[in-house]
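Chemist: The structure is given below, and queries will be raised subsequently.
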Amino acid sequence: MKRVILFVILFIALLAILFGTVDIFRVKSLNLPIFCINVESKDDAGSGKYIGLGYSFDIKGNFLPDGGKGVTQYDYKILGIKIISGIE
């Protein structure tokens, strides 16, 4: 039983690392994260707070259909601690 619990914990940790890595590369490429849920949305259809598995993003950008640029500023946090910030 202990092995099963350990396996589940390790599996969830590996998924969190994988999802966080994919999402940070997407945000650095001016795209929205795909493994996060938008919990605080702004009026431009993309800016706001996104929460993933142990990590989160605070994103600002231009996402309107009139030729917006995408992500212009972000804060990447792991367990609530700011790790990376970026401005495009």
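Values quoted throughout were computed directly from the atomic coordinates according to the rules given, and no laboratory measurement underlies them. The shown structure was predicted, so the numbers you read here are calculated from the model rather than taken from an experiment. Note that we place each Cβ from the backbone using ideal geometry, even for glycine, and neighbour counts take in every protein chain shown.
Chemist: Expected output is a single nm value to one decimal: the length gained when fully extending between residue 64 and residue 88, i.e. 0.36 nm times separation in residues minus the C-alpha distance. What is it?
Modeler: 6.9 nm
Chemist: Now for a separate question. Within 15 Å, Cβ to Cβ, of residue 84, how many net charges do the neighbouring residues add up to if Lys/Arg are +1 and Asp/Glu are -1?
Modeler: Spelling it out: positives minus negatives among the neighbours equals +1.
Chemist: Let me ask something else. How big is the charge dipole of the chain about its Cα centre, in debye rounded to the nearest 20, if each Lys and Arg gets +1 on its Cβ and each Asp and Glu gets -1 on its Cβ?
Modeler: Working: 10 positive and 8 negative charges, 98 e Å.
In total the dipole reaches around 480 debye.
Chemist: Which residue, 9, 51, 30, has the largest displacement toward the positive end of the dipole of the chain when charges sit on each Cβ (Lys, Arg +1; Asp, Glu -1)?
Modeler: Value computed over the given set: 9.
Chemist: Going by the alpha-carbon gyration tensor, a ≥ b ≥ c the square roots of its eigenvalues, is the chain rounded (a/c under 1.5) or, if a/c is not under 1.5, prolate (a/b greater than b/c) versus oblate?
Modeler: prolate
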